[in-house]
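The values are calculated or read from the model by the stated rules, or taken from the named source; none is laboratory data. The model shown is predicted, which means the values in this text are computed figures rather than measured ones. A quick note on method: Cβ atoms are made from the backbone with ideal geometry, for glycine too, and the neighbour counts reach across all protein chains shown. The protein model used for the area step is the full one, side chains on, heavy atoms only, and it has no ligands, DNA or RNA in it. Shrake-Rupley method; radii C 1.70, N 1.55, O 1.52, S 1.80 Å.
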Amino acid sequence: MMESLYVIGVDFGTDSSRALLINARTGEVCGTGVAPYQRWAKGLYCVPSENQFRQHPLDYIESLAQCILDCLAGAEQEIRDRVVGISVDATGSTPVATDQYGHPLALQERFRDNPNAMFFLWKDHTSIAEAEEINAKARAGRVNYLNYCGGAYSSEWFWAKLLHLSRTDPEVFQETSSWVEQSDWLPYLLTGGRDLSGMKRNVCAAGHKALWAAEHGGYPPQSFFEDIDAALGRIYPSISSEVYTADTVAGSLCAEWAEKLSLRTDVVVTVGAIDAHVGAIGAQIRPGYMCKVMGTSTCDMMVVSNERMADRLIEGICGQVQGSIVPSWIGLEAGQSAFGDVYNWFKELLLWPLYQELEQAGEAKDTLRSLIGRLEDRMLPHLSDLAAKEPLCVDGEYALDWFNGRRTPNVDPLLKAGLFNLDLGSTAVRMFRALVEATCFGSRAIVEHFEQQGVPIEGVIGVGGIAKKSPYVMQVLADVLQRPIKVHASEETCALGAAMLAATAAGIYANLPEAMDALGPGFETTYYPDRENKEIYEQRYQRYLSLDRNSVGP
């Protein structure tokens, strides 16, 4: 009988990091840990009205240590000594300015409170104008470098954010030696990196967010970026064109982190990847299935064989990249810039009077804070229960879901959301239902966009907090899509996918699909469409598309 070996998968999401300790032979979850980002939770360094969302590197360092220590808390030293691999995924595109050693500038005393020296979170949309410059340059050139990222560059992505930094904060940019994705920096941190030339950048972020394409020989040439702005040309040489799949070994756990975590220094650390792509791995994705990673936003992931894809280029998505999910398949990404964020916006809107009252509450502050906490926990489930009981009708409240612009189909960060057909009889419940339907209609638009371009979708897999905790949303989604949705059994699918990558890199499995089969727990629930609702949702979806067209013009 083979001895037990263990791996740790760490998932860095928008609000917190999560770690799983997994028996790499059996898939048994032996420990879990969750650590929120303390500064982010206080709303520091963010200006939502200006689409500025920044996160401090100390939030990542502290939460990384805490979530791994928590997942190891019940493990005896014998188990710790048998941990052979760690893999980390992270949000993307979430880059940061670093010094010559690869250290984020916000770790320096002079920049510790400067948001521009911190990580630009994926949903930071401050670089809309810069993205359009990149699009204009690419479309005017002899070679269109947008071919493999869906035909348009986004303000959420790598080069646009770097260009924005160079123009808005010369002091920070002057000290910038390189521009590094969160998913590349975290493995670099764990391995004690101090030489940028040795940083192994991942194909997932490079291909989907930074214009890297094997078909173009890597990144566009330096002259492409210098023609946009000389500032990009200065940073370009620091970014290696050699990229790696996430089952590759990045290095070994450095002595500092090994001591901090009570682990051995021969623990392998894998190359990073974007969280949603790793979530698709954890959900045991297969060709023909769309994996919907459903949280604050959605990422809709697919894998397609090279033979099936042939030379087809899919327009209007977030890229197609060989090996960005599973090394042997082409990874496709789409998604919605706001999904759960839409519901949270509505909840906070309803609670606004209480938030204001809390500031003036005096002696009653603790009581009011407790009440607000209960309402925050209960409001969306209660709205969902009541919305499920509302009779469906064609004429009623409608919504558009572009609260953070549109990611796909056809990126447009300037689009705005809307609520329509309101009257004095409109209630919070009916408005919430309209918002839920709008997010589901946005999902259907993505499904149809893929199928119209020759990528059939045989089934849908749901993962993430909404898939696990929001039966009402999932049922509406199944009704709108008119196809079953399987919900994966894992509570932490992204962290599980990271553990699968660690087990592969450590040599326990010959390849990633083998690890996915061995360690995946399968599916726990399937939502089937209610055929009685088919016609009414069809009519409401067509109305949504009409609002879509009226909003974006002819």
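Odds and ends about this structure:
- Single residue of the stretch 350-378 satisfying the filter (within 19 Å of F432 (Cβ to Cβ) and among the charged types (D, E, K, R)) that is farthest from the chain's Cα centre (by Cα): R374
- Consider the stretch 35-60 and keep the residues that are farther than 19 Å from V83 by Cβ and assigned to a strand (DSSP E or B). The one that is farthest from the chain's Cα centre (by Cα) is V47.
- Candidates D70, D11, filtered to the one that is at pLDDT 95 or above, in a strand (DSSP E or B) and open to solvent by 10 Å² or more (accessible area, probe 1.4 Å): D11
- Residue list for the stretch 84-130, restricted to those being acidic (D, E) and open to solvent by 10 Å² or more (accessible area, probe 1.4 Å): D99, E109, D113, E130
- Within the stretch 490-535, the residues that satisfy the criterion of being among the polar types (S, T, N, Q) and touching a residue at least 60 places away in the same chain (Cβ under 8 Å) are S490, T493, T504, N511, N533.
- Note on the stretch 331-367: residues that are in a helix (DSSP H, G or I) and touching a residue at least 60 places away in the same chain (Cβ under 8 Å) amount to 6.
- Between E437, E448, the distinction of being surrounded by fewer than 19 Cβ atoms within 10 Å (Cβ to Cβ), under 27 Å from the mean Cα position of the chain (by Cα) and either modelled with pLDDT under 95 or over 26 Å from V47 (Cα atoms) (or both) belongs to E448 only.
- Y544 passes every criterion in (1) farther than 14 Å from I285 by Cβ; (2) aromatic (F, W, Y); (3) open to solvent by 20 Å² or more (accessible area, probe 1.4 Å); (4) out of contact with any Pro (no Cβ under 8 Å at 6 or more places or on another chain) apart from (3).
- Strands (runs of 3 or more DSSP E) (entirely within the stretch 383-499) containing at least 3 residues that are of a type outside the set (G, A, S): 459-463, 485-488
- Annotation note: of R378, R374, R430, the sole residue that is surrounded by 13 or more Cβ atoms within 10 Å (Cβ to Cβ) and on the phi < 0 side of the Ramachandran plot is R430.
- Checking the stretch 136-144 against the condition returns no match, with no residue being hydrophobic (A, V, I, L, M, F, W, C), within 19 Å of S93 (Cα to Cα) and either crowded, with 21+ Cβ neighbours inside 10 Å or touching a Leu at 6+ places or on another chain (Cβ under 9 Å) (or both).
- Extreme residue, nearest to T14 (Cα to Cα), among residues of the stretch 301-320 that are out of contact with any Pro (no Cβ under 9 Å at 6 or more places or on another chain), open to solvent by less than 10 Å² (accessible area, probe 1.4 Å) and modelled with pLDDT under 95: C318
- Selected residue (criterion: farthest from W179 (Cα to Cα)) from residues of the stretch 236-285 that are among the polar types (S, T, N, Q) and in contact with a Phe, Trp or Tyr (Cβ under 8 Å, 6 or more places away or on another chain): S241
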